[in-house]
Amino acid sequence: MSWHLKVKKDKSFKVRLFFFVLMLLIILNLDHLGRLIYPFPYRETIFKYASSYGVDPFLVAAVIKTESNFNPRATSHRGARGLMQIMPETGSWAARELGLSHYHRDLLFDPEFNIHIGTWYLADLHRTFNNDPILVLAAYNGGLGNVQKWLEQQRWTGEKSKLDQIPFAETRDFIRKVLWNYQVYRYLYGGDHGEKHY
């Protein structure tokens, strides 16, 4: 065997060994790496309001991850604000329903207030749609009235397998992202808090 061929084989072996060790380290540290990519800030606040309103905390975390990536100052082009991207009008209505006085739209940038309002709103949508998570997410993003209209006009069956029937591409993408993020959060953090709710 020539010297050049031997060097080439040694390099090839070292490269394969490097990638094998790298993959092994990734697999062994999957949870740790996952938690770096999918952090869970505001966890106590999320669990507090999720428990108060009977909503799965991992669903709340998934909505926040999808809507704002946990940025409390996030603002959409339509004017939705904060962690759960709540429209000021929705915030005002929810605050009245909850008996929270002194509402101001800037409160939607406060993480605790935003999570309180957003979690209550998810619970309200769960009641409206008989705990169907797909309809809840569609209404959260696309609007309650729109979802009711799509169902009444039979434009969408309401089924997860028929998401492509939803007229709004943003709502279709939102549901898919939240469902993915939900599975990730449940996998990474579910063991920290006992039984899963969803």
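The values are calculated or read from the model by the stated rules, or taken from the named source; none is laboratory data. Computed from a prediction, not measured in an experiment: that's the story for all the values here. Please note: Cβ atoms are built from the backbone with ideal geometry, for glycine as well, and neighbour counts cover all protein chains shown. SASA here: full protein model, heavy atoms, side chains in, ligands and nucleic acids out. Shrake-Rupley method; radii C 1.70, N 1.55, O 1.52, S 1.80 Å.
Structure notes:
- Note on residue 16: accessible area is roughly 150 Å² with a 1.4 Å probe, heavy atoms of protein only.
- Of the trypsin sites (Lys or Arg not before Pro) in segment 140-175, those whose Cβ has at most 13 other Cβ within 10 Å and which sit in DSSP loop: 155
- The distance between label points at residue 127 and residue 180 comes to 3.3 nm (points 7 Å beyond Cα on the Cα→Cβ vector).
- Among 62-69, 138-145, sorting by the average number of other beta carbon atoms lying within 10 angstrom of each residue, highest first, gives 62-69, 138-145.
- Of all accessible heavy-atom area on segment 79-198, the percent that carbon and sulfur account for (1.4 Å): 47 percent
- Stretching the chain fully between residue 78 and residue 102 yields a gain of 6.3 nm (0.36 nm per residue, less the alpha carbon separation).
- Straight-distance candidates among the aspartates and glutamates for linking to residue 149, with alpha-carbon spacing under 19 Å and chain neighbours fewer than 8 residues away dropped: 124, 132, 159, 164, 170.
- A crude spin-label estimate for the pair residue 70 and residue 165, with each label 7 Å from Cα along the Cβ direction, gives 3.7 nm.
- For segment 60-119, accessible area per residue (1.4 Å probe, heavy atoms of protein chains only), Å²: 46 Å²
- Our estimate of slack between residue 112 and residue 16, defined as 0.36 nm per intervening residue step minus the Cα-Cα distance, is 29.7 nm.
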